[in-house]
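Have a look at the structure below before the remarks.
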Amino acid sequence: MKSILTGQQLTITIKRLAHQVLENNINLENTVLIGLQPRGIFLSDQIVAEIKTEFPSVNIQYGKLDITFYRDDIRRELHLANQTDIPFSIEGKKVVLIDDVLYTGRTIRAALDALLDFGRPEKVELCVLIDRRFSRQFPIQPDYVGKSIDSIISQKVKVYWKAKDGKEEVTILDALDA
């Protein structure tokens with residue numbers, strides 16, 4: 001097991017991602033933020049909290065999207081759905097999708113399909129904490145990246161969140177560690 005981001009580095013990275021989103025969406029007037037269930041919401045919750053801390057008067061449209069039944073790679077198994085909470089239309093809006101790790105791109109492809117149930121966005125951007133470059137199965141690239149890493153297929157990136165795991169850290173595990 002090798003540490004990619006310590007808790008302190010993770011905090012700094014989340015602040016940077018929040019600021020980058022704000023740079024491109026100054027007042028968030030026509031922008032919505034959507035965290036992907038289950039683990040992307042830990043990142044999106046913190047990005048939204050950081051934006052609210054910096055700009056308390058800005059109205060943030062924030063939702064959470066479950067893509068379980070839109071996946072094309074896990075159909076044979078029985079899955080429990082997470083909750084989707086998008087109490088607004090995304091019609092004509094700029095959408096910033098937020099997830100923890102971008103690997104094959106299948107999760108994001110499924111999220112794009114699921115988003116259409118809530119309207120047709122003007123534009124969709126992608127914000128990820130970790131970009132596992134060179135692992136894509138779809139031509140999907142992030143607009144905002146916390147950290148890009150090179151990894152091999154047998155390795156697993158694990159993001160630990162205080163709210164779920166009791167600590168904050170990002171590690172990479174070799175097949176033998178997992």
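Overview of results
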| quantity | calculated |
| --- | --- |
| The chain, Cα convex hull volume normalised per residue, Å³ | 122 |
| Mean ellipticity per residue at 222 nm, deg cm²/dmol - from DSSP H runs of n ≥ 4 across the chain, formula -39500 (n - 2.57) | -8000 deg cm²/dmol |
| Cα-projected label distance for K15 with A163, points at 7 Å along beta-carbon direction, nm | 2.0 |
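Readers should treat all values here as calculations from the given coordinates under stated rules, not as data from a laboratory. This structure is a prediction, so every number in the text was calculated from the model and none was measured. Please note: Cβ atoms are built from the backbone with ideal geometry, for glycine as well, and neighbour counts cover all protein chains shown.
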